[in-house]
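See structure below.
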2 protein chains.
Amino acid sequence: MPIEEKQKPQRNDRVTIRTVATHAGVSVAAVSKVMRNAYGVSDALRARVTDAIEALAYRPSRAARGLRGRSFTIGVLLIDIRNPFLPEVIAGVNGVLAPSHYQAMIGVSDARVQLETSLIESMIDYKMDGLVLVAPRLPSEILAKFAVQIPIVAVGYHDASATAFDTVNADDQRGAEIAVEALLACGYRDIEMLSLGERQGHAVSVVRQREIGFRRAMQRGGLGSSPAISKIPIASPKREEAMRRFLSRNDRPRAVFCWSDLDAITLLSLAMEMGARVPEDLAVIGYDNSSTAALGLVNLASIDQSGRELGQIATRALISRIEGRTASEHIFQIPSLVSRNSLTRSGNSTDTKQG
Amino acid sequence: MPIEEKQKPQRNDRVTIRTVATHAGVSVAAVSKVMRNAYGVSDALRARVTDAIEALAYRPSRAARGLRGRSFTIGVLLIDIRNPFLPEVIAGVNGVLAPSHYQAMIGVSDARVQLETSLIESMIDYKMDGLVLVAPRLPSEILAKFAVQIPIVAVGYHDASATAFDTVNADDQRGAEIAVEALLACGYRDIEMLSLGERQGHAVSVVRQREIGFRRAMQRGGLGSSPAISKIPIASPKREEAMRRFLSRNDRPRAVFCWSDLDAITLLSLAMEMGARVPEDLAVIGYDNSSTAALGLVNLASIDQSGRELGQIATRALISRIEGRTASEHIFQIPSLVSRNSLTRSGNSTDTKQG
DNA sequence: GACAAAATGTAGAACGTTCTCCATATAACG
DNA sequence: CGTTATATGGAGAACGTTCTACATTTTGTC
């Protein structure tokens, strides 16, 4: 018998549940029972099976599992991977999932409704156990339709009336109010918001919520019935152009609230280039408290909504939903102000919790 | 005449390949053939089947597909989601995948070998069609073992001798050389590198490659036989501490090359805080040309390795491997210098391609 | 026309799990 | 000892695809 050199160790060497069963001298069903620790397994059987699993380094096929039962995977859908807020959410999700037997698979939709839909469908077709959607673009009815097929928790999606899925949000209205209150407290009266220019402004989006909060706080502060909001395009050549135009307006406001640090930081940069001093000529406050904002070079005051915490909460909610909860939950977190030099010279990284 | 009307073929409303077959009045196999556009389908059959697919909005189950054949999904493994270089790679991957029938699912390993392994295993267990690993931590032998089970392309992993998988890299040695050459061209002689303090320094890692390039260029420039390299820890409290210590050294070098923009930008920030002028007192050049580096506020000279392009190339390589290629490929890109104010006052965003 | 070759469609066996019955073996009870 | 409950293990049918092997029809050739 010649020693046949297996030059092509084909995939037939896969260890399946059957291999384990044979090795342990039990039935396939028994192994499955042990894996799912179902009722009706003696200690002796359990020991033999776990030994075999150990010895063979057996891993159940997720594909096969998905076909029949649970896949122990949860899908995460990100609208964008560049906004530094989103990695924070992922970190939160992974943190909660790490000690469990679940795993996260991430899809990036690049803010395209088309792609978002097909990614969600794929995750359903993979028989994932649940979905965390971060700032989805899809309308609520569509999400509800998906939610019939798979447990869904939406983060950064304001629809407290949704009954088919859960939502987890920072209170974006309140966040914007806090920003305005901070500007007012510094004595600024001439305040404008730089918002996101979207095609159609979803009422559910965080951006619109922040606009609502901005308006309310401005009116409450006695600053006109329709406070100024400028829309900045998201794509790159037009974006800087719009900001420059804003900065060189001769009725340019004294203070600005930006919907996101991403915009605030670019604004700060352009302001410097154009010779405007911050905060002496222009005070700026952003949103997200990204790590870039905290840099000494940037020193941008910002609203902190703790993406990490949102991710954690959303994941816990999802798991409880997977495990049977059906009544929908709508969770709110209160964001906080992080004051820095872009707001006022003395405001040196003081983390001020506000309700 | 068998009048066996199906009592309840599907209790839930899922549209399966069987539903389509019944609706089109053909066999399941025929539908499958059309889906995979396999040999032996007449135009008439194809038309009937595609009509039925359309009418029923049929989507094949990815789980079931994975169990038998291909799943049309490729897995992407990211070492970290915070380094802004990585989203660029994702953008490249998604760009190439978008027009195809493939889809990307992303896993984030957080630089944990443990998690990295289990994520790769999961992707294999999902029967994904191939894997793009971005800056994996695992040793080459392990990757080779995985590569037997699934096509693999590694990005940012220098192992040109690997035969089981492909690699796609920017030439990190050359990149570091370009950085040193740029510093030399500005007249600086007193140059040090700020590198990453890892537990064990993988020779395959981009960081080690940059160190090699740094050393070579320094020696070639006649600057000592063992140029100085300082290691900076990656975790946050120690990191800033080490940088501050570096900045306040009284033999602090005149110019610094940082392994990554992430470090360079923090360094710039701390330098400002500590009253060092850039570039008059300290010249800095980073790596990755992240969007933050390009900000006017930051104005960091950097080496551009176009993560997007790397992602595109890697994806194309992976697809060709999935479609049958077995000989391994090792692709190199040459990075380029983006000169900015942190290097020299006049160096104003001149993109200088260098070989 | 006869016969081979090519084209087209189908049946049915995988793929690796889960999970619902069922068949025992053992314990409990009168 | 029967008889019944209970604990334990196993058989085998799904799940929704892919794909080989084969049956049937059409086309081509002499």
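Summary table
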{"quantity": "Failed item in (1) within 16 Å of DNA strand C (Cβ to nearest atom); (2) modelled with pLDDT under 90, with A:Ile81 passing the rest", "calculated": "(1)"}
{"quantity": "Residue, farthest from A:Gly213 (Cα to Cα), within region A:171-186, restricted to residues that are not in a loop (DSSP other than H, G, I, E, B) and not aliphatic (A, V, I, L, M)", "calculated": "A:Glu181"}
{"quantity": "Residue check for A:Ile124: within 11 Å of chain B (Cβ to nearest Cβ) and of a type in the set (A, V, I, L, M)", "calculated": "yes"}
{"quantity": "Within region A:127-160, tally of residues that are β-branched (Val, Ile, Thr) and within 13 Å of another protein chain (Cβ to nearest Cβ)", "calculated": "3"}
{"quantity": "Enumeration of residues in region A:293-348 that are among the β-branched types (Val, Ile, Thr) and within 30 Å of A:Gln149 (Cα to Cα)", "calculated": "A:Ile313, A:Thr315, A:Ile319, A:Ile322, A:Thr326, A:Ile331"}
{"quantity": "The listed residue being within 9 Å of another protein chain (Cβ to nearest Cβ), more than 15 Å from DNA strand C (Cβ to nearest atom) and surrounded by 15 or more Cβ atoms within 10 Å (Cβ to Cβ), out of B:Gly75, B:Gly66, B:Gly92", "calculated": "B:Gly75"}
{"quantity": "All positions within region A:206-230 that are among the basic types (Lys, Arg) and either in contact (Cβ under 8 Å) with a residue 60 or more places away in the chain or crowded, with 16+ Cβ neighbours inside 10 Å (or both)", "calculated": "A:Arg208, A:Arg210, A:Arg215, A:Arg216"}
{"quantity": "Output for region B:22-31, where each listed residue is in contact (Cβ under 8 Å) with a residue 12 or more places away in the chain and near DNA strand D (Cβ under 9 Å from one of its atoms)", "calculated": "B:Ala30, B:Val31"}
{"quantity": "Region A:240-276: number of residues that are away from chain B (no Cβ under 14 Å) and not hydroxyl-bearing (Ser, Thr, Tyr)", "calculated": "15"}
{"quantity": "Scan of region A:187-209 for residues that are part of a helix (DSSP H, G or I) and either hydroxyl-bearing (Ser, Thr, Tyr) or in contact with a Leu (Cβ under 8 Å, 6 or more places away or on another chain) (or both), ordered by number", "calculated": "A:Val207"}
{"quantity": "Residue list for region A:277-292, restricted to those being among the small types (Gly, Ala, Ser), within 14 Å of another protein chain (Cβ to nearest Cβ) and buried (at least 24 other Cβ atoms within 10 Å of the Cβ)", "calculated": "A:Gly286, A:Ser290"}
{"quantity": "Qualifying positions in region A:247-266 - in a helix (DSSP H, G or I) and β-branched (Val, Ile, Thr)", "calculated": "A:Ile265, A:Thr266"}
{"quantity": "Matching residues in region B:19-32 - criterion: being buried (at least 17 other Cβ atoms within 10 Å of the Cβ), outside any loop (DSSP other than H, G, I, E, B) and within 6 Å of DNA strand C (Cβ to nearest atom)", "calculated": "B:Ala30"}
{"quantity": "Residues located in region A:97-108, provided they are more than 9 Å from chain B (Cβ to nearest Cβ) and buried (at least 19 other Cβ atoms within 10 Å of the Cβ)", "calculated": "A:Leu97, A:Tyr102"}
{"quantity": "Hits in region B:36-50 - residues which are within 11 Å of DNA strand D (Cβ to nearest atom), of a type outside the set (Gly, Ala, Ser) and loosely packed, with under 11 Cβ neighbours inside 10 Å", "calculated": "B:Asn37, B:Tyr39"}
{"quantity": "Within region A:36-53, considering residues that are closer than 11 Å to A:Val20 by Cα and within 12 Å of DNA strand C (Cβ to nearest atom), the one farthest from the other protein chains (Cβ to nearest Cβ)", "calculated": "A:Val49"}
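For every residue, the table says whether it meets (1) over 19 Å from B:Ser320 (Cα atoms); (2) crowded, with 22+ Cβ neighbours inside 10 Å.
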site	(1), (2)
B:Val148	no, no
B:Ala154	no, yes
B:Thr163	no, no
B:Val168	no, yes
B:Ala179	yes, yes
B:Ala182	yes, yes
B:Cys186	yes, no
B:Gly197	yes, no
B:His202	yes, no
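The values are calculated or read from the model by the stated rules, or taken from the named source; none is laboratory data. Quick caveat, the model's predicted, so the values are computed rather than measured. With ideal geometry, Cβ positions are generated from the backbone for all residues, glycine too; neighbour counts draw on all protein chains shown.
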